1. Here's a check for you: in segment A:249-264, which residue that is more than 16 Å from DNA strand B (Cβ to nearest atom) and within 20 Å of A:Tyr113 (Cα to Cα) is most open to solvent (accessible area, probe 1.4 Å)?
2. Go through (1) out of contact with any Ser or Thr (no Cβ under 6 Å at 6 or more places or on another chain); (2) assigned to a strand (DSSP E or B); (3) over 19 Å from A:Leu2 (Cβ atoms); (4) more than 12 Å from DNA strand B (Cβ to nearest atom) for A:Ala81 and report which single condition fails.
3. Out of all the residues in segment A:85-136, which are over 21 Å from A:Asp225 (Cβ atoms), part of a loop (DSSP other than H, G, I, E, B), within 20 Å of the chain's Cα centre (by Cα) and not small (Gly, Ala, Ser)?
4. Any idea which of (1) of a type outside the set (Gly, Ala, Ser); (2) in a loop (DSSP other than H, G, I, E, B); (3) farther than 28 Å from A:Leu103 by Cα; (4) open to solvent by 20 Å² or more (accessible area, probe 1.4 Å) is the one A:Glu168 doesn't satisfy?
5. Quick one: in segment A:100-118, of everything that is open to solvent by 10 Å² or more (accessible area, probe 1.4 Å) and closer than 18 Å to A:Tyr138 by Cβ, which residue is nearest to DNA strand B (Cβ to nearest atom)?
6. Among the residues of segment A:8-66, write down those that are among the aliphatic types (A, V, I, L, M), within 11 Å of DNA strand B (Cβ to nearest atom) and over 16 Å from the mean Cα position of the chain (by Cα).
7. If A:Ala176 meets every condition in (1) surrounded by 17 or more Cβ atoms within 10 Å (Cβ to Cβ); (2) modelled with pLDDT under 95 apart from one, which number is that one?
8. Does A:Leu78 satisfy being at pLDDT 95 or above, out of contact with any Gly (no Cβ under 6 Å at 6 or more places or on another chain), of a type in the set (A, V, I, L, M) and over 28 Å from A:Arg223 (Cα atoms)?
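The values are calculated or read from the model by the stated rules, or taken from the named source; none is laboratory data. Here the structure is a predicted model, which means the values were calculated and not measured. Heads up, the Cβs are rebuilt from the backbone with ideal geometry, glycines too, and the neighbour counts pull from every protein chain shown. When the accessible area is computed, the model is the full protein with side chains, heavy atoms only, and any ligands, DNA or RNA have been set aside. Shrake-Rupley method; radii C 1.70, N 1.55, O 1.52, S 1.80 Å.
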Amino acid sequence: MLIATWNVNSVRVRISQIERLIDELKPDVLCLQETKVEDSLFPKNILIKKGYEVSCYGQKSYNGVALITRSKLEDVRLGFAGELTNDSNVESLDEQKRVISALVDGIRFINVYVPNGSSVKSEKYNYKLNWLRYLKKYLNSQSKRGEPVCMLGDFNIALEDIDIHNPEKLSGGIMATLEERKSLQDILSNRLSDVFRVFEQGTDNWSWWDYRSGAWARDKGWRIDHIYLSNDLINCSKSSAIYKKFRGNSQPSDHAPVFVDIEWPQEEDADNFDFYL
DNA sequence: ATGACTATGCCACATAGA
């Protein structure tokens, strides 16, 4: 099962590139962030014609997330309210459309677009930290169902210094403060792992390059787009990579797609298979 | 360097991104 996440920075501007990604990789699950469009204007039909189901949760101009899947989308949950049904505070948080989840082939996909935070001194930084507190509540609530989990998207946090091209200068700033990193680690705790790091331990693996200052040409990026798998799924992972070439497209998103390939559904006797060869 | 690009909304620049 091939799973991909991509911050497209406008689904309408990027739709032909999304089609190309689908034709090239044929992902089973594609999660988009920053779709920047209200649901009635989301270009669903193009994707349906390619054999996909689409569920989107968006708004005009800003934010917006979507799930695009080959298999049936089940138990779709929109916003924090979709999971935290008894929390009256989530209504105002959901004014920004940043989280959608669904069951696909028995896996709970949680597609998130974490707020950027602007700068550490900004009020938006507090909004980000509060949003992360609710993401933890969300995970705590959904984990009671015992579903295998794939939480993925644009986290707007570089977890380690090796995830930033210039940690000496940028560590401690927005997307790389101790507070943000601890918040995300706290959400992951012992239940979710960054699957990219199972296959690649080095630096210089970026998923986002600023449009400005020739960041792409100079390869000065950050790795802020992540795929987290629960322990049962980590054992099924076969590969994970950043599809860097899409950042080199003409009129690109500033993010590249990230994907993971997992063995799913699991082979019945996978452990014994080698024995019989 | 409170900058640089890019997208949106409503057609002028302001806002947001990261």
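1. We begin by selecting, within segment A:249-264, every residue more than 16 Å from DNA strand B (Cβ to nearest atom); these are A:259-264.
Of the ones still in play, those that are also within 20 Å of A:Tyr113 (Cα to Cα) are A:259-260.
Numbers: A:Phe259: 33, A:Val260: 0 Å².
Among residues in segment A:249-264 that are more than 16 Å from DNA strand B (Cβ to nearest atom) and within 20 Å of A:Tyr113 (Cα to Cα), the one most open to solvent (accessible area, probe 1.4 Å) is A:Phe259.
2. Failed condition: (2).
3. Here is the first cut: in segment A:85-136, the ones over 21 Å from A:Asp225 (Cβ atoms) are A:85-95, A:103, A:105-106, A:120-123, A:126, A:130, A:133.
Still in the running and part of a loop (DSSP other than H, G, I, E, B): A:85-89, A:94-95, A:105-106, A:120-122.
The next check asks that each one be within 20 Å of the chain's Cα centre (by Cα); those that pass are A:94-95, A:105-106.
Matches in segment A:85-136: A:Asp94, A:Glu95, A:Asp105.
4. Only one criterion in (1) of a type outside the set (Gly, Ala, Ser); (2) in a loop (DSSP other than H, G, I, E, B); (3) farther than 28 Å from A:Leu103 by Cα; (4) open to solvent by 20 Å² or more (accessible area, probe 1.4 Å) is unmet by A:Glu168, namely (2).
5. Taking segment A:100-118 and keeping what is open to solvent by 10 Å² or more (accessible area, probe 1.4 Å), we get A:103, A:105-106, A:113, A:116, A:118.
Filter once more, so that each one left must be closer than 18 Å to A:Tyr138 by Cβ: A:103, A:113.
Details: A:Leu103: 27, A:Tyr113: 7 Å.
Only one residue tops the list, namely A:Tyr113.
6. A:Val13, A:Ile15, A:Val37, A:Leu41
7. (2)
8. Values: at pLDDT 95 or above: yes; out of contact with any Gly (no Cβ under 6 Å at 6 or more places or on another chain): yes; of a type in the set (A, V, I, L, M): yes; over 28 Å from A:Arg223 (Cα atoms): no.
Spelling it out, it is not the case that A:Leu78 is at pLDDT 95 or above, out of contact with any Gly (no Cβ under 6 Å at 6 or more places or on another chain), of a type in the set (A, V, I, L, M) and over 28 Å from A:Arg223 (Cα atoms).
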